[in-house]
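One structure is given here, and the rest of the page talks about it.
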Amino acid sequence: MDRPADIVCDALVVGGGAAGVAAAVELCRAGLNVELVEQRPALGGAYYRQPAGGATATRPGSRRARQWSRLLDELRGAGVTPRECHVFLGVDTHGLALLDDRKGGRVRTVRTRAVIVAVGAVERVLPRPGWQLEGVVTAGGLQMLIKESGEAPTGSVLIVGNGPLTVALAADLARLGRPAVAVIEAGDPMTRPSAALRMAAFPGLVAEAAADLTRMHAAGTPWLRGSRLTTITREDGRLLASIEDRNGASRQIRADIVALHDGIRPNHFGLPPTTRDGLVVLHAGDCREALGVSSAEADGRAAAREAVALLSGAAAQRHAPEVTRQRRVQAVLASLFRPIRDDGGLAALPDETVLCRCEGRTVGQLRAMLTEPDPVGAREIKLNGRFGMGPCQGRFCADNVQALVSAVRPASQTVPLSRDRWPARPVLISALAAEEEAREE
Amino acid sequence: MVVVGAGIVGAATCYFLSKRGFRVRLIEAAAPAAAASGAADGAVSVASKRPGPMMTAALAGIALYRQLEQDGLFAGLFKSRPTVMVAENEKEAERLVEHAAALASEGMGLRYFEGGALRRHLPGVAPHVRLAVEVGEEGHAIGYEIVRRLIAASGVTVERGVAVTGLGPKDDGSGATAVRTALGVVEADHVVIAAGGGSAALLGLPHATQPRKGQLVVTERSPALAASLPGSLMSCRYLLSKDAIRVASAETGRRFGLVIDPLRTGQFLIGSTREERDDTGNDHDAVSRLLASAVKLMPALARLRVIRVFAGVRTATRDGLPIVGRMPGFENLLVATGFEGDGICLGPLIGREIARMVAGETTELDLTPFAPGRFELRSLVA
Ligand SMILES: Cc1cc2nc3c(=O)[nH]c(=O)nc-3n(C[C@H](O)[C@H](O)[C@H](O)COP(=O)(O)OP(=O)(O)OC[C@H]3O[C@@H](n4cnc5c(N)ncnc54)[C@H](O)[C@@H]3O)c2cc1C
Ligand SMILES: Cc1cc2nc3c(=O)[nH]c(=O)nc-3n(C[C@H](O)[C@H](O)[C@H](O)COP(=O)(O)OP(=O)(O)OC[C@H]3O[C@@H](n4cnc5c(N)ncnc54)[C@H](O)[C@@H]3O)c2cc1C
């Protein structure tokens, strides 16, 4: 017989960002017994990321800070005590949700009727030759670091990629007196007048973007639009980035840190996809559709209402007008930042480009496998090709591997490489084995 | 020739038939190594066997791995290393001594370790371990790697995603067999059913085999810790649990046979359960019990991280012996299934022997104990 669960509740909410907190509040108000878990030491998520112990928030009293404290008040009012430093690992085959309690050093089991997964978005980063080098980071990761520490990293930063976040990071660095070397942008919003016009419908966003651009410009950071990075190499202890502009002319830029960013996408990695065996599983916020913070909060509340209905056996539909509105915003932004030219995507990458950084597996190795006469499937790409088999288990490479498979073998059906098997994250054996040891003593 | 199933047994059969110049079609419901052969530990080992046909087969299986490694076919895929059986208490030590005596009587080279010598030889194992017996000249191979190598070497393109739905006589009244698939009827001079857990249903022997699930755990890399083990560590409880196949399962439906296997990559594979079930899910209860016993045996494992868990389904038979040979009454229909926890070790060997049978030669291994005729046969449904 299985041992009884450590925690029993009506609903488990995973993720302490806007969506998760809002969902927990609504579930609680509906009279359910709710557990809210967050992997980090504090709630906040990506947008409301809180400074780590001691550091001061970059801008207390800002609109962002006020919105967050309003959400926290609601949470307190509803009587939810969140569990921090608890990493959700997935749902096991007996329907138990598993949490890695990193402080307690053990895995806890949860028997629940519903799980609302609100784990946010992750950054999309496309492989580029040399991206596996030390010193290459993600722009969003760097932004989080700045939010937590209130400080800029040591060394010069080159920001590369696509989308508004690169400019936001450049503005943050400028604010801290450590402007970036340059921002390399694949798109060119200045040449998309129709999209720019549609932006006018969202004045708040325009004002924010204008402020960021002004700050970046004043700090002397050049915005090289319509350009892309072709390779990164290491030379004399620094990174050397080769940049190609829209006319194919190339130049080289040196930096200590290269921050990459190709947009954000829902984080659905290793998570239970849908309701099964009577356990209601819903996704909410950016992990359902990456539409920004106000949409995430609205979707969190809507997901909670949906869960309450489903648990009482009623039919349910997710309804949140703010989500629809933000979807329009994101569509405009996407056309504004659409890359100037097609660089051929993953299919154009040279063979030596590393695709799976954990195990150092390259584009060439995958190509070789895919061009064999026998049409290998997802399982063989993983098992025999060793793609997505390292510690990240595909978290960072599965999408790219998949994209390259579709590019090389467009005729084949798509092969899903991601997995919904627990543990969603590596977990210490001592934490998994702890309970049994205690029992045996 | 038609071979049904691209697990290790089907792949090996395909390879040895192709090598003899037969034209082979390898028909597979899913993909190569999609079932047990891709979800197994890969002990190529005799250590846990008792004298008898399975021990004889395992010894021949190991010898063939070694030979194919030297010939180049399995180059880089067969890791030669001993199995170290350990006893954690008095009862297990007694059982281990008994077992070792039986192995020794078959001429196997063993080394015994106790006290200080044990600590020096196995610095990573817990102090309470009383006795270790090292069985030399064994090895490890990863099922899906072997399958891939065999299929590539045979030059056959697997017919993927094609399930065989039944068998029947050829239209020409010759008494020969044809296989039915969703894509139509495939006729052949010989049909080999190597469909693992799917075999019995095809042969009209639904009760000849039963599924036995096993859960396994993979850790992150830890080359130094992995190098501290001369080979895989096998808890003696494995033997006791093998003794008690039916007794213990009544209570929990599952048994735990702990094997800690250091892989070439520096990772550890820790397995596995034996559960009378037919699914590939992983549950926290089983995994945490397995890991607790692993940590008890090798405390330093506690600080490694688990990166993956998975499960596979073994195909077991009532008498614990595989089913290999010609189906009585069907001169051109052969079967090879029911390898439970030994198919990685035995797969290549069985493939070679099946090819011999097809070619009308006498087999090198005595296959009579495995003959399909020992089960009550229902006639094949036409
Ligand atoms: C790099 C980056 C920059 C962004 N910049 C902006 C911006 O400027 N403006 C804007 O409107 N939006 C921005 N967004 C999007 C914005 O962060 C989100 O819209 C908002 O935070 C979404 O809220 P959420 O609750 O859905 O997810 P999040 O706020 O991301 O919260 C998810 C939470 O789940 C936790 N979590 C994840 N996995 C687990 C697990 N397995 N177990 C336990 N907890 C887990 C995370 O630690 C996190 O706290 C950005 C997103 C990213 C990734
Ligand atoms: C957890 C675990 C640990 C193990 N550890 C070891 C070990 O350490 N050492 C060892 O030697 N062995 C071990 N084994 C056992 C070994 O994995 C199996 O005995 C071996 O893989 C069986 O191979 P097979 O080719 O007979 O069957 P399978 O690998 O199951 O292959 C059968 C194939 O037939 C296909 N098929 C089924 N039905 C049909 C149909 N109707 N039409 C077409 N195709 C069909 C399936 O899709 C499958 O690909 C372990 C097994 C498990 C589960």
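The values are calculated or read from the model by the stated rules, or taken from the named source; none is laboratory data. Bear in mind that the values here come from a model prediction, so they are computed numbers and not experimental data. So basically every Cβ, Gly included, is an ideal-geometry build from the backbone, and we count neighbours across all protein chains shown.
With the range B:68-159 as the region, which helices (runs of 4 or more DSSP H) entirely inside it contain at least 2 residues that are in the same structural domain as residue B:349 (by TED's automatic domain parsing) and not aliphatic (A, V, I, L, M)? Let's see the steps before the verdict.
Details: elements: B:90-105, B:115-121, B:143-154.
Passing ranges, in order: B:143-154.
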Item to check | Unique residue being surrounded by fewer than 20 Cβ atoms within 10 Å (Cβ to Cβ) and either in contact (Cβ under 8 Å) with a residue 24 or more places away in the chain or of a type in the set (A, V, I, L, M) (or both) when the list is B:122, B:118, B:131 | outcome: B:118
Checklist entry - Are any residues in the range A:78-107 in contact with an Asp or Glu (Cβ under 6 Å, 6 or more places away or on another chain), within 14 Å of another protein chain (Cβ to nearest Cβ) and surrounded by fewer than 21 Cβ atoms within 10 Å (Cβ to Cβ), and if so, which ones? => result A:93, A:94, A:95
Checklist outcome for this item: residue A:220 passes all but one of the listed conditions (1) surrounded by fewer than 18 Cβ atoms within 10 Å (Cβ to Cβ); (2) in contact (Cβ under 8 Å) with a residue 40 or more places away in the chain; (3) within 23 Å of residue A:335 (Cα to Cα); the exception is number (3)
Item to check | Among the residues listed as B:287, B:313, B:358, the single one being away from ligand 1 (no atom under 16 Å from the Cβ), under 17 Å from the mean Cα position of the chain (by Cα), on the phi < 0 side of the Ramachandran plot and of a type in the set (A, V, I, L, M) | outcome: B:313
Item to check | Those residues of the range A:202-215 which are in contact (Cβ under 8 Å) with a residue 24 or more places away in the chain and over 30 Å from residue A:344 (Cα atoms), in sequence order | outcome: A:202, A:205, A:211, A:212, A:215
Checklist entry - Are any residues in the range B:280-309 within 18 Å of residue A:422 (Cβ to Cβ), surrounded by fewer than 23 Cβ atoms within 10 Å (Cβ to Cβ) and more than 7 Å from chain A (Cβ to nearest Cβ), and if so, which ones? => result B:280
Item to check | Number of the condition not met by residue B:224 [criteria: (1) more than 18 Å from the chain's Cα centre (by Cα); (2) at pLDDT below 95] | outcome: (2)
Checklist outcome for this item: Flagged pairs (Cβ under 7 angstrom, 6 or more apart or on separate chains; first in the range B:258-286, farther than 30 Å from residue B:207 by Cα; second part of a strand (DSSP E or B) and aromatic (Phe, Trp, Tyr)) are B:260/B:268; B:261/B:268; B:262/B:268
Item to check | Output for the range A:372-393, where each listed residue is at the interface with chain B (Cβ under 8 Å from one of its Cβ atoms) and of a type in the set (Lys, Arg) | outcome: A:379
Item to check | Tally of residues being modelled with pLDDT under 95 and either under 30 Å from residue B:102 (Cβ atoms) or in contact with a Pro (Cβ under 8 Å, 6 or more places away or on another chain) (or both) across the range B:158-182 | outcome: 5
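Being more than 17 Å from the chain's Cα centre (by Cα), small (Gly, Ala, Ser), away from chain B (no Cβ under 14 Å) and surrounded by fewer than 22 Cβ atoms within 10 Å (Cβ to Cβ) is true for just one of A:135, A:141. Which residue is that?
Numbers: A:141 fails: more than 17 Å from the chain's Cα centre (by Cα).
That would be A:135, the only listed residue that is more than 17 Å from the chain's Cα centre (by Cα), small (Gly, Ala, Ser), away from chain B (no Cβ under 14 Å) and surrounded by fewer than 22 Cβ atoms within 10 Å (Cβ to Cβ).
Being within 14 Å of chain A (Cβ to nearest Cβ) and either part of a loop (DSSP other than H, G, I, E, B) or within 16 Å of ligand 1 (Cβ to nearest atom) (or both) narrows it down to one of B:11, B:40, B:47, so name that one.
Numbers: B:11 fails: either part of a loop (DSSP other than H, G, I, E, B) or within 16 Å of ligand 1 (Cβ to nearest atom) (or both); B:47 fails: within 14 Å of chain A (Cβ to nearest Cβ).
Criteria check complete, one pass: B:40.
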Checklist entry - So, in the range B:24-37, of the ones that are in a loop (DSSP other than H, G, I, E, B) and within 6 Å of ligand 2 (Cβ to nearest atom), which residue ends up farthest from residue B:145 (Cα to Cα)? => result B:29
Checklist entry - How many of the residues in the range B:227-270 are modelled with pLDDT of 80 or more and part of a loop (DSSP other than H, G, I, E, B)? => result 10
Next on the checklist: Being part of a loop (DSSP other than H, G, I, E, B) and surrounded by fewer than 23 Cβ atoms within 10 Å (Cβ to Cβ) narrows it down to one residue among B:204, B:168, B:198; which is it?
Outcome noted: B:204
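Among the residues in the range A:18-39, are any of a type in the set (Gly, Ala, Ser), at pLDDT 95 or above and part of a loop (DSSP other than H, G, I, E, B)?
At the first step, the residues of the range A:18-39 found to be of a type in the set (Gly, Ala, Ser) are A:18-20, A:22-24, A:30-31.
Now drop any that are not at pLDDT 95 or above, which leaves A:18-20, A:22-24, A:30-31.
Filter once more, so that each one left must be part of a loop (DSSP other than H, G, I, E, B): A:30-31.
Scanning the range A:18-39 turns up at least one residue that is of a type in the set (Gly, Ala, Ser), at pLDDT 95 or above and part of a loop (DSSP other than H, G, I, E, B).
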Checklist entry - Identify, please: which residue in the range A:410-419 is within 11 Å of chain B (Cβ to nearest Cβ) and crowded, with 17+ Cβ neighbours inside 10 Å and is, among those, modelled with the highest pLDDT? => result A:419
Item to check | Which listed residue is away from chain B (no Cβ under 14 Å) and touching a helix residue (DSSP H, G or I) at 6+ places or on another chain (Cβ under 7 Å), from A:42, A:121 | outcome: A:121
Checklist outcome for this item: The lone condition residue B:21 fails out of (1) touching a residue at least 12 places away in the same chain (Cβ under 8 Å); (2) part of a loop (DSSP other than H, G, I, E, B); (3) of a type outside the set (Lys, Arg); (4) not assigned by TED's automatic domain parsing to the domain that holds residue B:118 is (1)
Next on the checklist: Pairs please, first residue from the range A:314-342 and assigned to a helix (DSSP H, G or I), second anywhere and of a type in the set (Phe, Trp, Tyr), Cβ atoms under 9 Å, 6+ apart in sequence or on different chains.
Outcome noted: A:325/A:202; A:328/A:202; A:329/A:202; A:332/A:202
Next on the checklist: Condition (residue is at pLDDT below 95, within 28 Å of residue B:296 (Cβ to Cβ) and away from ligand 1 (no atom under 16 Å from the Cβ)) applied to the range B:129-137: is it met by at least one residue?
Outcome noted: yes
